[in-house]
1. To the nearest 10 Å², what's residue 158's accessible area with a 1.4 Å probe?
2. Taking 0.36 nm per intervening residue step and subtracting the Cα-Cα distance, what contour gain separates residue 37 from residue 75 on full extension?
3. Could you give the length gained by full extension between residue 24 and residue 172, i.e. 0.36 nm per residue of separation minus their alpha carbon distance, to one decimal place?
4. Once you have the Cα-Cα distance between residue 97 and residue 181, take 0.36 nm times their residue separation minus that, and quote the gain in nm to one decimal.
5. Work through the residues other than residue 176 whose Cβ is under 13 Å from its Cβ and net out their charges, Lys, Arg +1 and Asp, Glu -1.
6. Any idea of residue 48's accessible area? Nearest 10 Å², probe 1.4 Å.
Amino acid sequence: WYGTLPRLFGPGWSLEMEVQFYILAQVFFTLLYFVANVVLRRILQATLLFVGLVAGTVCEYAPLPEDGPIYLHYTLLSAFAFFWIGVTVADNQSSLKALVQKVPSVLRESAPWVAVVAIFVLSSAWIHDGAPGVFIKMACVSAIMLGALDDQGSFKKFCSLPWISLFGGACYSIYLVHPQVLQVPPHFFFL
């Protein structure tokens, strides 16, 4: 139901956002496909990333659904930049790998780890705090993705461990079923 969280399946809001991206991604990928000039392609990617950051910031300042009739928090507008940074990194892997190698090794090694800790420790403080939160989240996500491009770095080696890859691949599924796991079984054990 538009403007509300799913009542039977709380995490379903994220699936709705993902479907919005899959529908619109075809348009964006078609645009990129027809831009053969590398410089123009990167300008287009940067422009879409900037527009996504602005949209995410606007969504952070928009009233929450319970405060008014604007329901931007649960649309692709609020998270487009995070989808798009993944597309941009994937499309520019080779040049970004070369750029990552030019970063001092201490920074290259520490940045992705610090970003992971920052996301876990500070995530609750970033909810609905406007532009600073959006930019801090984007910087952390970027550091993590660039850390994964460093073939010799400890972060990529850690992410490449089979059990971490398996858990990483399953994390969204775990997110989607965790309410049921946490809420349904206790009713059978503690009747």
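1. Accessible area of residue 158: about 80 Å².
2. Working: separation 38, 0.36 × 38 = 13.68 nm, distance 3.17 nm.
Full extension of this stretch gives 10.5 nm more.
3. Working: separation 148, 0.36 × 148 = 53.28 nm, distance 2.10 nm.
So the extension gain works out to 51.2 nm.
4. Details: separation 84, 0.36 × 84 = 30.24 nm, distance 3.99 nm.
Taking residue 97 through residue 181 to full extension adds about 26.2 nm, to one decimal.
5. Values: positive: none; negative: 16, 18.
That works out to -2.
6. Number for this one is 30 Å².
The values are calculated or read from the model by the stated rules, or taken from the named source; none is laboratory data. Note that the structure is predicted; figures quoted are calculated from it, not measured. Positions of Cβ are backbone-derived with ideal geometry, glycine not excepted, and every protein chain shown enters the neighbour counts. Heavy atoms of the whole protein, side chains included, go into the accessibility calculation; ligands, DNA and RNA do not. Shrake-Rupley method; radii C 1.70, N 1.55, O 1.52, S 1.80 Å.
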